[in-house]
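Reading through the structure tokens given below for one structure.
Coordinate-derived values only; no laboratory data. Small disclaimer: the values here were computed from a predicted structure and weren't measured. Heads up, the Cβs are rebuilt from the backbone with ideal geometry, glycines too, and the neighbour counts pull from every protein chain shown.
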Amino acid sequence: MLKKINLSKYLAYLFLIVLCLIWIIPVLFGITTSFRTEAEVVSSGFRLLPESWNFENYKAILENTSTAPILRWLFNSLFIAITHTFLVVVVISLTGYGYTRINFKGRDTLFFTLLGISFFPGVVNLIPSYKIIDALGWVNTAWAMIIPGLAGMGNIFLVRQFLKGIPTELDESARVDGASDFRIYYSVILPLIKPVLIVCGLFSFIGSWNDFLWPVIVYTDVDKMPVTAGLLLLQDIYGNYRMIGQLVGSAILAIIPTLVLFLFAQKHFLQSINLNSGLKG
């Protein structure tokens, strides 16, 4: 007897395959375009594979250390993203602990007020944020990218919800043994909230690395730019001379760090997506 065909299952597979192709084909075409000569880029139209593999684009990109120092930009972005992510984890873990384990007047009112304010579009704060950064003397410095956004309410909300699923009896037992609030945070709470901190850390790193509008505003010094602001500059440098292969090659180099991060962290990321213990109540 033939098994009953599960039509919905096959339709779901078909939909996922089509969606996957929509995402993958442009990326593959971009990668192969970076290995084409400029003449082939202009004349060949859409061909997934180049007629001949040409490495001159990448050679020119890496040799240009004056008008478009791509390696310097990558280092700047890496330093900014790593430092920002580390500080985000520290700030949101301490803040989440304070909002769930320390009782003070107006605690919940303050939290939900800040959470409500965070729903305003970020573009509303661009001018005030720039004025503050300028007053502090942080324009054209890494601090302009590292400090803003450390206390993101979305991350704090996740940590707070996760902490609400951890029994307070653990804190009370440690307090009976003479532990201080910081000792409880460091020795008891921090190891237990590692899954949600991994999720927030990954999102913070990717968000910092991919941030585009803010670095374009606060950076004018070419050597200090992160790679996203540098790519905008490359559109003027390479676009005017129709160096499309070099422009696409620079963009490909810019995605390598996040790709490597995903390959090494996907196990932790997938395991950490299940935050059931932190979504109770």
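Against the longest principal axis of the chain, how steep is helix 194-210, in degrees 0 to 90 to the nearest 10, with axes from Cα atoms? That helix lies at roughly 40 degrees to the long axis. Taking V18, V222, V42 in turn, the Gaussian network model of the chain (Cα-Cα springs below 10 Å) assigns the largest fluctuation to V18. Here the 3J(HN,Hα) profile of the range 22-38, calculated from phi with Karplus coefficients 6.51, -1.76 and 1.60 at θ = phi - 60°, is 4, 7, 7, 4, x, 5, 4, 5, x, 4, 5, 4, 5, 9, 9, 6, 4 Hz, Gly and Pro shown as x. Between F112 and E51, the simple spin-label model (points 7 angstrom out along Cα→Cβ) gives 6.7 nm.
DSSP loop trypsin sites (Lys or Arg not before Pro) in the range 95-184 with at most 15 other Cβ atoms within 10 Å of their Cβ, which ones?
Values: sites: R101, K105, R107, K131, R160, K164, R175, R183; in loops: K105.
Taking the range 95-184 and a limit of 15 other Cβ atoms within 10 Å, the loop trypsin sites (Lys or Arg not before Pro) found are K105.
Report the local net charge at I147: Lys and Arg +1, Asp and Glu -1, summed over other residues whose C-beta lies under 14 Å from its C-beta.
Here the charged neighbours net out to -2.
Using the Cα gyration tensor of the range 19-165, with a ≥ b ≥ c the square roots of its eigenvalues, what is the shape: rounded (a/c below 1.5), prolate (a/b larger than b/c) or oblate (neither)? Since a/c reaches 1.5 and a/b is larger than b/c, the shape of the range 19-165 is classed as prolate.
For the range 102-111, 3J(HN,Hα) computed residue by residue from phi via the Karplus equation (6.51, -1.76, 1.60; θ = phi - 60°) reads 10, 8, 9, 5, x, 4, 5, 4, 4, 4 Hz, glycine and proline entered as x.
For the range 109-144, list residues with backbone N below 18 Å from a point placed 7 Å from the Cα of L232 toward its Cβ? The answer is 122-134, 138-144, whose backbone nitrogens lie closer than 18 Å to the label point. Note on the range 9-54: Kirkwood radius taken over Cα pairs, Stokes-Einstein applied at 10 °C and 1.306 mPa s, translational D equal to 133 µm² s⁻¹.
Springs between Cα atoms under 10 Å define the GNM used for the chain, and in it the highest mean-square fluctuation of E63, E51, E169 occurs at E169. Among N140, N76, N125, the residue with the largest mean-square fluctuation in a Gaussian network model of the chain, with springs joining Cα atoms closer than 10 Å, is N125. Helix 244-272 against the longest principal axis of the chain: what's the angle in degrees, Cα atoms only, rounded to the nearest 10? With rounding to tens, the tilt is 30 degrees. Free of any chymotrypsin sites (Phe, Trp or Tyr not before Pro) that DSSP assigns to a loop and that have at most 13 other C-beta atoms within 10 Å, the longest stretch within the chain is 120-211. Cβ crowding within 10 Å ranks S52, S173 as S52, S173, fewest other Cβ atoms first.
Here the chain is treated as a sphere whose radius is the Kirkwood value from Cα pairs; by Stokes-Einstein at 25 °C and 0.890 mPa s it diffuses with a coefficient of 110 µm²/s. To the nearest 10 degrees, how steeply does helix 126-136 sit against the main Cα axis of the chain, on a 0 to 90 scale? Helix 126-136 sits roughly 80 degrees off the main axis of the chain. Here the relative contact order of the chain, from alpha carbon pairs under 8 Å that lie six or more residues apart, stands at 32 percent.
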